Amino acid sequence: MKMSFLLIVLLVACSSGEKSQPRNTEAPAKITNDAFKKESSLTNNEVDDFLSLNTASLNPALQDETLDRFSPEEISTITETKDPLIDISLRCMRGDYQNAFAIAAKIFNKYQRVAAYWNQVANCHLNQGANRKALLFYNKALEVKPNYIPALNNIGVMYSRMGQDQKALVAFERANGASKFAKTPRYNLAKMYLIYGLAEPALPILKGLLESSPTDLDLQNAVANAYFLMSDYNMAFAHFQKIPPANWSKPEIGLNLAVTLKKLGKSQEATKIFSDVQKSKNQALNRYYSAVENYLGDKP
């Protein structure tokens, strides 16, 4: 009982920044027996972990498992849902944390035995940068359901954002080991491999995901970049070509596409692609932009 009380207090406390209101001196409304009826709690088996939404993403491979693959523009088009857990997630992704935590507090009695509930609350804290609170609720999800894959995966996401890649890798590998059918941990594991230039173990994972979602832009780009890291520029270019040209101006796509074309002896095409690449707010990408510019010979 003490643990449940602590958690519900945390939920409410994080959603409230208002001053206390004046004391109400009016006579209280009549209380009926219905007010003391406690809502029965759901179990994990009664709640679907998979997302069913009315909006298709440009990166559909994982859209039945996570909202993180939707762009802010796509998130804004998703209509309200009757599923309170999806509603919490949507509100957090839109920055509406106060109402998200208010909904979480409201449905606490019904969902306190559901791991997905604690995972969504943790995600809201993670989006706010409250990593210690996020970890508390991820661990609560794992207490409710040991080896709960979304929580294990999201712990990896948290550590990755904190720059603790070794811990992130362990979490992704643990999530991937818990189920070979969950796609999100595999994707994150492959991305972690690519960050460290380990294209060989990343490529079969990415290609497996791409087979079931060949229109996924991020997956096509990831596969292209895996071949790029392996110096197989013909295969890299083949996958870059499967990305609609309207997306080539994105630095995470266009920069390596330009280098690939240069490596294939297509200098003019490389320069044309590079000239359309947008500058990024990401400092690392901007440094790479300058390096590619020098490599292409556009700067002395």
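Worth pointing out:
- If you go through the stretch 284-300 and keep only what is open to solvent by less than 70 Å² (accessible area, probe 1.4 Å) and not in a loop (DSSP other than H, G, I, E, B), you end up with A284, L285, N286, Y289, S290, A291, V292, E293, L296.
- Hits in the stretch 138-148 (condition: buried (at least 18 other Cβ atoms within 10 Å of the Cβ), part of a helix (DSSP H, G or I) and in contact (Cβ under 8 Å) with a residue 24 or more places away in the chain): K140, A141, V144
- Candidate set from the stretch 153-195 (those that are under 30 Å from K110 (Cβ atoms) and more than 13 Å from the chain's Cα centre (by Cα)); member that is most open to solvent (accessible area, probe 1.4 Å): F181
- Residue count for the stretch 218-258 satisfying the condition of being open to solvent by 20 Å² or more (accessible area, probe 1.4 Å), within 27 Å of N286 (Cβ to Cβ) and hydrophobic (A, V, I, L, M, F, W, C): 6.
- Helices (runs of 4 or more DSSP H) fully within the stretch 149-213 counting 1 or more residues that are in contact (Cβ under 8 Å) with a residue 12 or more places away in the chain, touching an Asp or Glu at 6+ places or on another chain (Cβ under 6 Å) and farther than 21 Å from M235 by Cβ: 183-195
- Among the criteria (1) over 29 Å from T184 (Cα atoms); (2) surrounded by fewer than 13 Cβ atoms within 10 Å (Cβ to Cβ), the one L261 does not fulfil is (2).
- Residue within the stretch 253-263 that is at pLDDT below 95 and more than 20 Å from Y193 (Cα to Cα) present: no
- Selection within the stretch 81-104 - among the small types (G, A, S), assigned to a helix (DSSP H, G or I) and open to solvent by 30 Å² or more (accessible area, probe 1.4 Å): A102
- Where a residue in the stretch 239-250 is over 13 Å from Y227 (Cβ atoms) and assigned to a helix (DSSP H, G or I) and its partner, wherever it lies, is hydroxyl-bearing (S, T, Y) and at pLDDT 95 or above, with Cβ under 9 Å and at least six apart: none
- Just one of the listed residues (K110, K133) is part of a helix (DSSP H, G or I), farther than 26 Å from L209 by Cα and at pLDDT below 95, namely K110.
- Verdict on K281 being surrounded by fewer than 22 Cβ atoms within 10 Å (Cβ to Cβ) and either among the polar types (S, T, N, Q) or outside any helix (DSSP H, G or I) (or both): yes
- Against the numbered list (1) over 21 Å from the mean Cα position of the chain (by Cα); (2) closer than 27 Å to L189 by Cβ, Q278 comes up short only at (2).
- Considered as a group, the residues in the stretch 204-215 that are at pLDDT 90 or above and open to solvent by less than 20 Å² (accessible area, probe 1.4 Å) include one that is farthest from K180 (Cα to Cα), and that residue is L210.
- Filtered by the rule that a residue be outside any helix (DSSP H, G or I) and open to solvent by less than 60 Å² (accessible area, probe 1.4 Å), the stretch 266-278 gives a lone residue, V277.
The values are calculated or read from the model by the stated rules, or taken from the named source; none is laboratory data. As the structure is a prediction and not an experimental result, all values here were calculated from the model. Counting neighbours? That spans all protein chains shown, and the Cβs are built from the backbone with ideal geometry, glycine included. Keep in mind that these areas ignore ligands, DNA and RNA; they rest on the heavy atoms of the full protein, side chains included. Shrake-Rupley method; radii C 1.70, N 1.55, O 1.52, S 1.80 Å.
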